[in-house]
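Below you'll find the structure, written out as structure tokens, and then a few comments.
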There are 4 protein chains.
Amino acid sequence: MTRLLDESAKGVYVLAVTPFTDDGTLDLASTDRMVDFYLEVGATGLTILGILGEATKLTSLESRTFVKRVLERVAGRVPVVVGASAPGFAPMRELASEVMDMGASGVMVAPASTLRTDEQIVAYFDMVTATLGESCPWVLQDHPTSTGVQMSTSVVLRIIKNSPTCVMLKHEDSPGLAKLSAIRAASEDGDVRRVSILTGNGGGLFLPEELSRGADGAMTGFAYPEMMVGVCAAHASGDVERAHDIFDAYLPLARYEQQSNIGLAVRKYLMAQRGVIASPTLRKPGPRLSSADVADIERLVTRQTKRLRELN
Amino acid sequence: MTRLLDESAKGVYVLAVTPFTDDGTLDLASTDRMVDFYLEVGATGLTILGILGEATKLTSLESRTFVKRVLERVAGRVPVVVGASAPGFAPMRELASEVMDMGASGVMVAPASTLRTDEQIVAYFDMVTATLGESCPWVLQDHPTSTGVQMSTSVVLRIIKNSPTCVMLKHEDSPGLAKLSAIRAASEDGDVRRVSILTGNGGGLFLPEELSRGADGAMTGFAYPEMMVGVCAAHASGDVERAHDIFDAYLPLARYEQQSNIGLAVRKYLMAQRGVIASPTLRKPGPRLSSADVADIERLVTRQTKRLRELN
Amino acid sequence: MTRLLDESAKGVYVLAVTPFTDDGTLDLASTDRMVDFYLEVGATGLTILGILGEATKLTSLESRTFVKRVLERVAGRVPVVVGASAPGFAPMRELASEVMDMGASGVMVAPASTLRTDEQIVAYFDMVTATLGESCPWVLQDHPTSTGVQMSTSVVLRIIKNSPTCVMLKHEDSPGLAKLSAIRAASEDGDVRRVSILTGNGGGLFLPEELSRGADGAMTGFAYPEMMVGVCAAHASGDVERAHDIFDAYLPLARYEQQSNIGLAVRKYLMAQRGVIASPTLRKPGPRLSSADVADIERLVTRQTKRLRELN
Amino acid sequence: MTRLLDESAKGVYVLAVTPFTDDGTLDLASTDRMVDFYLEVGATGLTILGILGEATKLTSLESRTFVKRVLERVAGRVPVVVGASAPGFAPMRELASEVMDMGASGVMVAPASTLRTDEQIVAYFDMVTATLGESCPWVLQDHPTSTGVQMSTSVVLRIIKNSPTCVMLKHEDSPGLAKLSAIRAASEDGDVRRVSILTGNGGGLFLPEELSRGADGAMTGFAYPEMMVGVCAAHASGDVERAHDIFDAYLPLARYEQQSNIGLAVRKYLMAQRGVIASPTLRKPGPRLSSADVADIERLVTRQTKRLRELN
């Protein structure tokens, strides 16, 4: 029995990669291992087929195969959110309907990149709400860097008011601490329903500060999801300095993994090194790491290991 | 037996609309009527699922249904080109392979909107060529207004050199007469293979001048494709002034139909008025014509009819 | 004594070019001749230093010299509006203050290209109003094609409400007939003060329809400003068909002059041919016309002359 | 006697802020103090009127006053580079000529935001070189985030080949380690003259790695320029781990200061706290720090101080 996503979601929803074998085939064995890994380190949810997760490199058949496999492996232990942004509403409905039938807990939608004015954005999400229907909870993804669409605080609040099925904001307006504070203040003042806010800013590069502003956790990717889990746990226990200590230990590598061009290649390299996935392969077109990149990474991992030892 | 698209293509490839019934269902009866209409007025080819043809509002099933119906109705009388631009290469291969199997003569691909440098663009189309394979002729769509990607003349020439299966340029860099001249000069000088060039600039708003610069015809939409057919025929017969006379008679309405916001609604309104399709419906999100818009259109049609009478 | 611009402005404000000699020097003699020409054909105002008028190619000293010369030649016969869009408010205040002291009737400001949300745009123009001060009337330029900023109808209305010194809208959202209708409806309903609306759409390519929607005239450039003057006069006299007849006669050439790349070169070529300015020179970087371009223009001028003869 | 900038430049060129008093007046006393501070902590050069340094909020008179004051205070001790990006070549020549006459060592130019194709970019910088003349060394600023222009490695190399007066690359393509490696490889292979490369990526957020790839230092702003100076010194002495240690100690605050919206406000707040400038004021339009922002900063400074103590 699938648990639907709701406004109480918190913790760490890891943005999963899509594992491929060396020859570029979908790697389902690694998919299982990856799911187990994420759950073992403390993920409270998973997000798949995200904008940055090579979703557009999959055929529609492969997308369905991958979603099905993840859902089977998760087996209801945590909610799974599926990216459903699409160039049109008909394919969005088609994908959302299929994955919800398979057992997803909700979908995630970013604004179409052609939207500009407040009215256009609000009208778009009214259509999204109508398209997805009453029984499909959805996550509003606010990521101007990839969409080019800037949503003001008042627009986000209007969308939440208009859409009873919007239960979460994926906050990744860069960095947007003031916006996060303002949205939280609005629900505390009773202006708007309180939704879950998970943050995605650059692999969690502002996570400690975001938690202090009222975020409920993180929805992002990083080869060491232990960082997000540890920071959230320390923060939840009231030990903010400890949260920063953990964060600082991982920050040099997290920063390196956030490079817009080679970031995903770095993440897959590290996950392969850690034995989570079999191959670091990205589908074309995608970057390859140079030996200098690998040397950088190795140095940062060594330094991180040392620092974590000192910390504990 | 399907005729594959090749470098000798010329005349008018009409950019077909996608007909819907009043309630937004795919209208296959109107699809048949539309195909017949285009062929009767003199189209030498059809292009379907174009960027501006509501392709993104179809589910993948509907796309296939529509392509199949058009191909069946055309029954090999003229080549049919199918838009295959996609956010990734896997879905591009999937769609292209399916439509070619159904009997399409070629596909059309525009550059991904993230491309910027010359190298990125050339590398992208090398991937397109490899993705589509040796037996799938393709059309390079150069439409900076919709893609945001500017391809210089030298980039277009490099793509043609690198890609033996690229047989046509859909030229709609706005307006780009100098670019058209330069590309033609390159093939005349033997620098590059001569490909077909059909132009799409704003419903043919520069068609007479483009033909003078060496274009082989038009690939665009307009509720009166008679205009493009007439201009091309007059030009081919050497009567350039007659080509301009025909063009000028249609220009005021063609201009009105090219409005970026309501243009497609104008076209469908006119096609419904002409009895070609049953309903002027656009799928949401799409504009609706106001009574003032309709008054404008009616005036322009009346004036056009009068002018055409004077012309003949 | 300078007449300040106010909400009653109407007719044709010609967007003036900046004349240079063959070697690129500011040509003040041609500036005088150009002013005389515009006024003789019926301009009711002039606009200088516009975004597309090579303003950015002038040094600050040259800008002032040119403004001064135009104002002296106009000698108060019609209002002169000066483009004052600037990357910051300090240089905007500096320029506006200087040109108003010289005798300009108002300034024109477009939104900074970094603005996205409704709030950002409204806040920006609040700053513009404060920067320009109580005694400087200004024109709101709505030109998304050049600024990348889309202002919804409600944003335009908010700006007019907030800014008592905003007396005119230069409407060139492409094409935006519905927006024009909505803004006019708002002032007729008493929601907002009625400001002057002059339209700039592509050299007046929608002028007859815009006048029918309530525009007060045109603010744009075209080598034959007689077109705009004639269309406005016929429309004002109630003869809408005559307005269209005049418009249609000029449309083929107006369309050609609106090419985004070579348009200004076409305009200066024609103005030099007509004897208005001494040289068609554009400052670098700027396009040069090819012989094929010139052949196109000559053909269109010949056809236009013939057509105008038939019209009268 | 001014030393002109040349290809041997290295170390830390601090991107200076523009100090204002609480009421927004140019603060020349703070300007002097800021210059002294930068030089005392080890800056080997200064850069003023940068894109992000509130340059556009100054009148042309204020710009000149500020440049003059900085140059007088520096008094030839280190080279001063002045930002000279401008919307046109005439104002670029005007500004560059004035500041070189005042004693600047060179100017910095970023590509105009309208440029797209490789040819357009190369042609633009050919014009820049011709505009600035033979005696004005200049810095090529490669900052796609602010300009929207992506320059491939081959384009950067063509510009260096074409422009003998281009002596430095300000590398801030984000993050662009592979590009840096490729440009260095090209000069080592003798393909192109070796120019100085200083990096500006997000306040030096990749500085240790960039130095390993062959960068000669940093040109960026941060309220603690000691970081850049210390990292460069440790790296130059061969102690790469020490360079990382210093970097890591400052990274949490440097990251916080790089927020695209409030970053400059954070920097000025910290500089005012450190007594370098009298007031943290930014000219409008500019952000203000909230109490939550200040609390974040204070925490990070406290943690940084502790960490630096442990380091030494």
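The values are calculated or read from the model by the stated rules, or taken from the named source; none is laboratory data. Quick caveat: nothing in here was measured; it's all calculated off a predicted structure. For neighbour counting, all protein chains shown are included, and Cβ atoms are generated from backbone atoms with ideal geometry for every residue, glycine included. Note: accessible area is taken over every heavy atom of the protein model, side chains too, but ligands, DNA and RNA are not part of it. Shrake-Rupley method; radii C 1.70, N 1.55, O 1.52, S 1.80 Å.
Calculate the dipole size of the range A:11-239 relative to its Cα centre from +1 charges on Lys and Arg beta carbons and -1 charges on Asp and Glu beta carbons; express the result in debye to the nearest 20.
340
Take residue D:284, move 7 Å from Cα toward the beta carbon, and the resulting point lies 4.2, 4.2, 5.6 nm from the same point in each other copy, nearest first. Projecting the Cα atoms of D:263, D:150, D:49 onto the charge dipole of chain D, computed from C-beta unit charges around the Cα centre, puts D:263 farthest toward the positive end.
Residue by residue, the range B:63-76 carries 3J(HN,Hα) couplings of 4, 5, 4, 5, 4, 4, 5, 4, 4, 5, 5, 5, 6, x Hz when phi is fed to the Karplus relation 6.51 cos²θ - 1.76 cosθ + 1.60 (θ = phi - 60°); x denotes Gly or Pro. Closest approach to the axis carrying C onto A, counted by Cβ on chain C and given in whole Å with its residue, is C:118, 2.
Computed from label points 7 Å out along Cα-Cβ, the spacing between residue B:123 and residue C:23 is 4.8 nm. In this assembly, the A-B interface accounts for approximately 1100 Å² of buried accessible surface in total, computed with a 1.4 Å probe and without ligands, DNA or RNA.
A loss of 10 Å² or more of accessible area (1.4 Å probe, protein heavy atoms, ligands and nucleic acids excluded) relative to the isolated chain is seen in these residues of the range D:32-79: D:56, D:57, D:58, D:59, D:60. Panel note: contact residues of the range C:101-129 (accessible area lowered by at least 40 Å² against the chain on its own; 1.4 Å probe) correspond to C:116, C:117, C:118, C:119, C:127.
Relative contact order, whole percent, for the range D:11-239 stands at 19, derived from Cα pairs under 8 Å and 6 or more residues apart.
Restricting the calculation to alpha carbons of the protein assembly as shown gives Rg and Dmax of 31.0, 93 angstrom. Charging the Cβ of each Asp and Glu at -1 and of each Lys and Arg at +1, and nothing else, the dipole of the protein assembly as shown about its Cα centre rounds to 0 debye. Summarising the label geometry, the points placed 7 Å from Cα in the beta-carbon direction at residue B:237 and residue A:162 lie 5.4 nm from one another. For the range A:29-97, chymotrypsin sites (Phe, Trp or Tyr not before Pro) are listed when DSSP marks them as loop and at most 12 other Cβ atoms sit within 10 Å of their Cβ; the list is empty. Applied to the range C:34-46, the Karplus parametrisation 6.51 cos²θ - 1.76 cosθ + 1.60 on θ = phi - 60° returns per-residue 3J(HN,Hα) values of 5, 4, 4, 4, 4, 6, 5, 7, x, 4, 9, x, 10 Hz, with x for Gly and Pro. Contact with the other protein chains removes 30 Å² or more of accessible area, compared with the isolated chain and a 1.4 Å probe, from these residues of the range B:283-312: B:284, B:285, B:296, B:299, B:303, B:307.
Residues whose amide H lies under 5 Å from that of residue B:166, counting only those 5 or more places away or on a different chain, are B:138; hydrogens are built 1.01 Å from N in the peptide plane. Computed over protein heavy atoms with a 1.4 Å probe, the accessible surface of the range A:11-239 works out to 32 Å² per residue. Placing +1 on the Cβ of every Lys and Arg and -1 on the Cβ of every Asp and Glu, with no other charges, gives the range B:56-135 a dipole of roughly 440 debye about its Cα centre. Close amide-amide hydrogen proximity is noted between residue D:115 and no other residue 5 or more places distant or on a separate chain, at a cut-off under 5 Å (H modeled in the peptide plane; Pro and chain starts excluded). Label positions at residue C:113 and residue A:134, each projected 7 Å from the Cα along the C-beta direction, are separated by 4.9 nm.
Can you tell me what share of the DSSP beta bridges in the range D:11-239 is antiparallel? A percent to the nearest 5 is fine.
Percent antiparallel among DSSP bridges in the range D:11-239 is about 5.
Accessible surface of the range C:154-311, 1.4 Å probe: 51 percent of it comes from carbon and sulfur atoms.
Sorted from shortest to longest, the distances between the residue C:123 label points of this copy and the other copies are 2.5, 3.8, 3.9 nm, with each point 7 Å from Cα along the line through the beta carbon.
The equivalent ellipsoid of the range D:11-239 has semi-axes of 26, 23, 15 Å, largest first, where each one is the square root of 5 times an eigenvalue of the Cα gyration tensor. The 3J(HN,Hα) values that the Karplus relation (6.51, -1.76, 1.60; θ = phi - 60°) gives for the range C:107-122 are, in residue order, 10, 10, 10, 9, x, 4, 5, 7, 6, 10, 7, 3, 4, 4, 5, 4 Hz. Gly and Pro appear as x. Taking the helices alone, chain A has a mean residue ellipticity at 222 nm of -15000 deg cm²/dmol, built from -39,500 (n - 2.57) per DSSP H run of at least 4 residues and averaged over all its residues. For the residues B:48, B:197, B:246, a GNM of chain B with alpha-carbon springs under 10 Å puts the largest fluctuation on B:246. Under 5 Å between amide hydrogens, built in the peptide plane, is the criterion, and for residue B:199 it picks out B:171, B:217, B:218, B:219 among residues at least 5 positions away or on other chains. The residue C:226 and residue C:294 beta-carbon pair, evaluated with R₀ = 22 Å, returns a calculated FRET efficiency of approximately 0.50. With 16 Å as the cut-off, how large is the P(r) tail for the range C:156-254, expressed as percent of Cα-Cα pairs? When every Cα pair of the range C:156-254 is considered, 54 percent fall beyond 16 Å. Over the range A:220-312, all Cα pairs binned in 10 Å intervals from 0 give whole-percent P(r) values of 16, 46, 28, 9, 1, listed from short to long. If you run the Gaussian network model on chain A, springs between alpha carbon atoms under 10 Å, then out of A:148, A:202, A:103 the most flexible one is A:148.
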